[in-house]
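One structure is given below, encoded as structure tokens.
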Amino acid sequence: MTETATTLALVGGDLSGVQLTGLIIMSLVVGIVGGIVGIALGVIRLPVMTAVGLDPLIAASTNLLVSVVGAVAGSWPAILQNRIVFRVVVVIGIPAVIGSFVGGLYADLVSRAVLLAIVAFLLLWSSAAMIIRALAELRNRTESSVDDPMAGRGDLNPKTVARESVLGLGIGVVGGAVGLALGVLRMPALVHVLKMKPALAAGTNLALTILVGLSGFAGHLISGRVDWLLSAAVGIPAMVGMFAGSRMGGHVDPTKLRLVVGIVLLIASPLVFFDAFWG
């Protein structure tokens, strides 16, 4: 077999058949988990893509596009299960979209290592908070106190909207620059700031990921940093996985779902930190 038959020529570098297969399998598995918890989990995909030798900016734009197509597939079951609160998507999505576009457009002007290190710290903090709270709820609740997963559709008062808008703008700028939709940081904010139930926050977060990811990707697209072949190879299995995972997510106990999200964030944190300095 010739060299050209065993490698995939990409803008950001060449991938061997083994590396490409690994990325496809990884994207499928990450998609399933992400669909369940309502997070595109680009924080796991991105370090893997840079670890196999892809140019960081190409990996960033690819990761954003894959997050978008995966979130589209995952949002459909969430819509059918009435797990997307569209008023939250509109109110919180606007500043996040603006921030993501700006971050993606000027991604080559900022220190990627510093931004990723900040993301890693925020992931660690968010994961600890969610795990501690979920474990406390599991210890203290009784059978009669199990939450209704369809309650808690978001407390949108001026104070929470202002707080979420500032957070959304900041998260959008950082995420657009490094190639992450950063639903992993929005998810804890939706649950703890807006007091949304985890099942509803998961579906709403997927819808927000579509808007934020598209905006950040547009910034990279204008700058010409896109590899369509790689995006298709990684994006299709992500769509399949997110669709399957999202169908399962609506039937998971909300407190256990919060615990799973916290564990996923905890796993993602060192991966992002590694990518910041050695990716």
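What do you reckon, is R258 in a helix (DSSP H, G or I), crowded, with 24+ Cβ neighbours inside 10 Å, in contact (Cβ under 8 Å) with a residue 40 or more places away in the chain and charged (D, E, K, R)?
yes
What helices (runs of 4 or more DSSP H), lying completely within region 1-86, carry at least 2 residues that are touching an Asp or Glu at 6+ places or on another chain (Cβ under 9 Å), modelled with pLDDT under 90 and surrounded by fewer than 24 Cβ atoms within 10 Å (Cβ to Cβ)? Walk me through it before giving the result.
Numbers: elements: 3-6, 17-37, 42-51, 56-80.
Qualifying helices (runs of 4 or more DSSP H): 42-51, 56-80.
If you go through region 209-228, how many residues are of a type in the set (V, I, T) and within 15 Å of V90 (Cβ to Cβ)?
Final tally of qualifying residues: 3.
When you scan region 193-208, do you find a residue that is among the polar types (S, T, N, Q), crowded, with 24+ Cβ neighbours inside 10 Å, under 15 Å from I92 (Cα atoms) and in contact with a Lys or Arg (Cβ under 8 Å, 6 or more places away or on another chain), even just one?
yes
What's the total number of residues in region 217-239 that are farther than 30 Å from G17 by Cβ and surrounded by 21 or more Cβ atoms within 10 Å (Cβ to Cβ)?
Total satisfying the criteria: 1.
Write out, first by first residue and then by second, each pair whose Cβ atoms fall under 9 Å of each other, whose residues are 6+ apart or on separate chains, and whose first residue, in region 233-250, is hydroxyl-bearing (S, T, Y) while the second is crowded, with 21+ Cβ neighbours inside 10 Å and not in a helix (DSSP H, G or I).
The qualifying pairs are S246/G38; S246/R83.
Would region 208-227 turn up any residue that is in contact with a strand residue (DSSP E or B) (Cβ under 7 Å, 6 or more places away or on another chain) and in contact (Cβ under 8 Å) with a residue 12 or more places away in the chain?
Yes; the residues of region 208-227 include at least one that is in contact with a strand residue (DSSP E or B) (Cβ under 7 Å, 6 or more places away or on another chain) and in contact (Cβ under 8 Å) with a residue 12 or more places away in the chain.
The values are calculated or read from the model by the stated rules, or taken from the named source; none is laboratory data. Just so it is clear, the model here is predicted, and its values are computed rather than measured. Cβ atoms come from the backbone with ideal geometry, glycine included; neighbour counts cover every protein chain shown.
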